[in-house]
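Written out below as C-alpha cells is the structure these notes cover.
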Amino acid sequence: MNLVLVALTLLVVPGVHAASTNVNILVPAYFDPTTSASAWSALNSAATKLPNRVVAIANPASGPGTVAQTSYTNAITSLQSNQGRVVGYVDTSYATRSLAIVKADIDSWFSFYPSINGIFFDQVSNTNDNTTIVYYQTLYNYVKSKRTSSLLVVHNPGTATLESYLVYNSARVSDIICTFESGINGLEWTQASWTSKYDRSNFYGLFYNVSDINVASFDYGDIIDRAYQQNAGWVYVTNDNLPNPWDTIASYFSGEVSYIQQQNYLP
C-alpha cells in the first residue's frame, strides 16, 4: 500500500470547511437492520473508532417507505449514540422526478426518523443545464430548512460532474458529491481538475468488486490511498458486486476501518 501525498490549493466557498486531512467512511447501508444486524453492529464499531467520521446511508424501500420501521429507528439511534451519522436515501431519477414528489420523500424521512442527519440523493444528473442545477439547489435548501444547517446533503452522479453542482451562483448545491462509483479501474480514478480548488470533504468515491487482500496486486488500502490522492475525503470500498454491491457490508470492513484509523494522512 503506497500512499502518495499531494499538495492542493483550496478555494474558500460558502460552507466549505478548513483544509481537511481526514478520510471518512460513507457506507451505502442497503441492508435491513433485522436480517443484517451484524452489519449494522460493524458500523457501530467503526463509528467508535472513527468518531464523527462514519456515515451510513439508510434505504428501507428505495427511499423512506410508507411507514416508520422500528428496526430502522433502533439502527439509526444506535449508530448516532456511537458517534456515527445516518442519511436517508432519496432517488431523483436524474431530475425527472418532480420536486413535489422528492420533497415528499424528504418529509417522510424527517417524519419517520426525526433524528436523521441528512439526505443522500441518488441518480443525480450531471448535465450542463441551469434548470437542472436549480432543481438540486432547491432540494439542498429544502433539506437544510428541516432542522439545522449541519444536516448533510450528499449527491450521487457516480461519475465526473460540473463544479456548478457543488456551488452555483455563490451558493451551495451539495455538501458532498460522489464523483466515482464503479467496480473497475479504481486505481485509475482521476478527478476533474476543478475539484482541486476545494477541500476534500466535498468529494466521495465508491468502489465495489475490490477483492480481498492482495488479489490482483492491490487491496482496499491502495484504493483508499488513491481516493486520498484524488482529493476525496469520503470513501467506501467493498468486495460486494453487481447487481447490488451495497446489499452486504464489505467482508474486510473492519480492516478498512483500521487502515483509515492508522494512516497519518497529510495535506
Report task. List the relative contact order of the range 114-267 as a percent without decimals, with contacts defined as Cα pairs under 8 Å and 6+ residues apart. Result -> 17 percent
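List the relative contact order of the range 53-200 as a percent without decimals, with contacts defined as Cα pairs under 8 Å and 6+ residues apart.
Worked out over the range 53-200, it gives 19 percent.
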**Report entry** Overall dimensions of the range 167-247 as given by Cα atoms, namely Rg and Dmax in Å
**Finding:** 13.6, 46
Requested in this report: Report relative contact order for the chain in percent, whole number only (criteria: Cα-Cα under 8 Å, sequence separation at least 6).
Outcome: 24 percent
Query raised in the report: Once the dipole of the chain is set up with Lys and Arg at +1 and Asp and Glu at -1 on Cβ about the Cα centre, which of 21, 182, 220 lies farthest towards its positive end?
Result: 21
Requested in this report: Report P(r) for the chain: all Cα-Cα distances, bin width 10 Å, range 0 to the bin holding the largest distance, values in whole percent.
Outcome: 7, 32, 38, 21, 2
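Sorting 226, 97, 200, 53 on the 10 Å Cβ count, fewest up front, what's the list? Kindly include the intermediate steps, with their values, before the conclusion.
Working: 226 24, 97 17, 200 27, 53 21.
Least crowded to most crowded, the residues run 97, 53, 226, 200.
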Query raised in the report: What shape does the range 48-87 have by the C-alpha gyration tensor, where a ≥ b ≥ c are the square roots of the eigenvalues, rounded means a/c under 1.5, and otherwise prolate means a/b greater than b/c and oblate the rest?
Result: oblate
**Report entry** Peptides ranked, highest mean first, by Cβ atoms within 10 Å: ranges 171-177, 122-128
**Finding:** 171-177, 122-128
Query raised in the report: Among 101, 133, 25, 119, which comes first, second and so on when ranked by fewest other beta-carbon atoms within 10 Å?
Result: 101, 133, 25, 119
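Every read-out reported here was derived from the displayed coordinates using simple, explicitly stated rules and does not represent laboratory data. Note that the structure is predicted; figures quoted are calculated from it, not measured. Cβ sites come from the backbone with ideal geometry, for glycine too, and all protein chains shown count toward neighbours.
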